[in-house]
1. Suppose every K and R has +1 on its Cβ and every D and E has -1 on its Cβ; what is the size of the dipole of segment 1-156 about the Cα centre, in Debye to the nearest 20?
2. For segment 114-198, what is the convex hull (Cα atoms) projected area averaged across all directions, in square nanometres?
3. Is there a quick way to get the dipole size of segment 84-175? I mean about its Cα centre, with the Cβ of Lys and Arg at +1 and of Asp and Glu at -1; what is the value in debye to the nearest 20?
4. With labels modelled as points extended 7 Å from the Cα through the Cβ direction, what inter-label distance (nm, one decimal) is found for residue 128 paired with residue 350?
5. Just the number, please: carbon plus sulfur as a percent of the accessible area of segment 27-95, 1.4 Å probe, no ligands or DNA/RNA counted.
6. Given Cα pairs under 8 Å that are at least 6 residues apart, what percent is the relative contact order of the chain?
7. For Cα Rg over 2.2 N^0.38 Å, the listed values are (i) 1.00; (ii) 1.75; (iii) 1.33; which was obtained by calculation from the structure presented?
8. Where in segment 260-290 does the label zone of residue 367 land, with the point 7 angstrom along Cα→C-beta and an amide N cut-off under 13 Å?
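The values are calculated or read from the model by the stated rules, or taken from the named source; none is laboratory data. All values reported here derive from a predicted model rather than from experimental measurement. So basically every Cβ, Gly included, is an ideal-geometry build from the backbone, and we count neighbours across all protein chains shown. SASA here: full protein model, heavy atoms, side chains in, ligands and nucleic acids out. Shrake-Rupley method; radii C 1.70, N 1.55, O 1.52, S 1.80 Å.
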Amino acid sequence: SPETPLFFKNKTLYGLNFARCAIAAKDRVLVVEGYMDTIAAQDAGFENTVATMGTALTEEHVNIISRFTKNVILSFDADSAGMNAALRSSPIFERAGFNVRILTMPKGEDPDSILRGGDSAKFAAMLEKTLPVPDFRIKLIFSKYDISSEEGKATALKEIILALAEIDSVVERERLIRHLARFHPNFSTGTTLAEGHIRSEIAKHRSRFLKQNSSEYGRTKKESEAALAKPEKKLSLVERSERQLLGIIIFQQADVSKVFDALPAKEFIDESSRLLAEAVNKQYAYEGKIDRETLRGEVAGTSAESLLNDILIGLDYCDMKDTTQQLVEVIIQQRKLEKRHRLRSLADSIAAGEIKHGDAEYEEWAQLVKETSGPWRR
């Protein structure tokens, strides 16, 4: 279907709702091209498989995957379009610090065709023989030429040198130079001489490459470094528990009335969770059920919209080990503990003369004294 205000193809990974826990557990994701590839792979036991929604991989896709793993295998059709797609996609991951490998499919095959034939063992073996992106590119270039001839070797090597000039890692370039030395005309006179000539050619082309792409290269590198350096918001135990509890409720695995009797929606700590909890509670009170699409409309344009989207595709609660009652108890007890810590901090400031009667913090202290059960002591 086309994109809508609620459905963004470039931010959605097909099958992630089923794959998320397997991706985190295996610390690896398999990205394929089609929906049927995903279904066949997951059905055959490769649960950590997802696909794009008919679009190229985007930075948004990478950000989503980074919540679960930094290890990616790209598996595309063996035709040239599929291979080109793999090569175009890999830099997005590499700039974000991912370890990217490519699964080469036999000509005319895709994951669906192999797995539908019941050959999951063959597919598993293929997954163990994936290639780093540079090695894949070299293999692709060699496949275009007759390397049994000196002319074919020379032509292939020229094209490979251009590809190696784009690699940032010196260590990675050196590894490949040692591998390619045997294809150089000077190899017969010594490995060192052949490696030196290849290294010299790479340096010359790399200088041109960096000069031609300096503005774009600098921009993307800085953006990627900034994204990696930007710390993610660390959720407290209460915030994590609130989100998991909302996930259980929205997927109708809890008695909504009992949950909100024990923990009123307005008392959720996190703003996004509170807004979503209030919308859920309101909908259930009027309709007696939770309709996810209606709920999307209720929270659209608020901070709860992003949280709901994350919950619906399983980003904020992978594991359902905790029961509803356990989560409610954790939230209530942790909130009491946080209130006592805050009360102690305010009391210390009052005793030190830093907070006086009439200050907002003094009023907060007085309110906390009332709310805290039992006599409060230092």
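1. Its charge dipole is roughly 440 debye.
2. That works out to 7.1 nm².
3. 100
4. 6.7
5. The computed percentage sits at 51.
6. 11
7. (iii)
8. 267
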